[in-house]
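*Asks:* Quick one: the structure is below, questions incoming.
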Amino acid sequence: MKLFYTICLVFFCCSLFLSKDQQTQTQSLFKSCMETFLDEVKCKELVEKANIKSTNESLNISEDSKKLFDRNELKNSLMMKSKPYVLSLLGEPDKIQKDGAGKEYFHYYRPITRLNESSSPDKKITIIFVRGLVSRILHTPSED
């Protein structure tokens with residue numbers, strides 16, 4: 001029973017932090033859910049999950065803009081580094097490609113670098129490994 005009260009208290013506190021725009025979205029979500037399923041408990045759970053996801057996404061967006069690396073600094077710091085180092089710094093790549101010559105390509109399509117603080121993020125970063133070490137770093141700049 002204590003767990004139930006704790007969960008209720010957490011959700012109540014989270015609801016206090018929602019903006020008015022999010023509250024109208026949650027109300028419309030709840031209303032459409034009730035029209036579809038006619039189950040209040042399931043609809044409340046759905047709305048709570050949606051609120052948690054939206055707050056997490058907004059936090060990730062603000063953190064991602066702070067984590068963007070300067071393109072030239074990243075290129076200089078990654079040269080001749082190993083795969084585990086790159087993975088710990090940038091995370092898992094969006095695509096991994098290997099060719100017959102023993103090269104391995106890590107493609108990052110998410111925003112990782114930018115030219116300077118006022119420019120928008122690069123579209124794509126490709127890191128080329130030869131024998132497990134970084135040999136080249138290619139970038140596709142944004143269209144701005």
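What follows draws every value from the coordinates through simple rules; no lab data is involved. Quick caveat, the model's predicted, so the values are computed rather than measured. A quick note on method: Cβ atoms are made from the backbone with ideal geometry, for glycine too, and the neighbour counts reach across all protein chains shown.
*Asks:* Dividing the convex hull volume of the alpha carbon atoms of segment 69-140 by its residue count, what do you get in Å³ per residue?
*Replies:* Normalising the Cα hull of segment 69-140 by residue number yields 74 Å³.
*Asks:* Also, quick follow-up: Of V130, V86, V41, how do they rank once you tally other Cβ atoms within 10 Å and put the fewest first?
*Replies:* Starting with the residue having the fewest Cβ neighbours, the order is V41, V130, V86.
*Asks:* Here is a further query. Taking neighbour counts of Cβ atoms within 10 Å as a proxy for exposure, in what order, fewest first, do H107, H139 appear?
*Replies:* Final ranking by Cβ density, sparse to dense: H107, H139.
*Asks:* Could I have the simple spin-label model distance between F30 and K67, label points 7 Å from Cα toward Cβ, reported in nm to one decimal?
*Replies:* Taking the simple label geometry, F30 and K67 are separated by 3.3 nm.
*Asks:* Loop only per DSSP, at most 16 neighbouring Cβ atoms within 10 Å: give me the GluC sites (Glu not before Pro) in segment 104-144, ordered by residue number.
*Replies:* E117, E143
*Asks:* Describe numerically, in nm with one decimal, the distance between label points set 7 Å from Cα along Cα→Cβ at M79 and at K42.
*Replies:* Output for this residue pair reads 6.0 nm.
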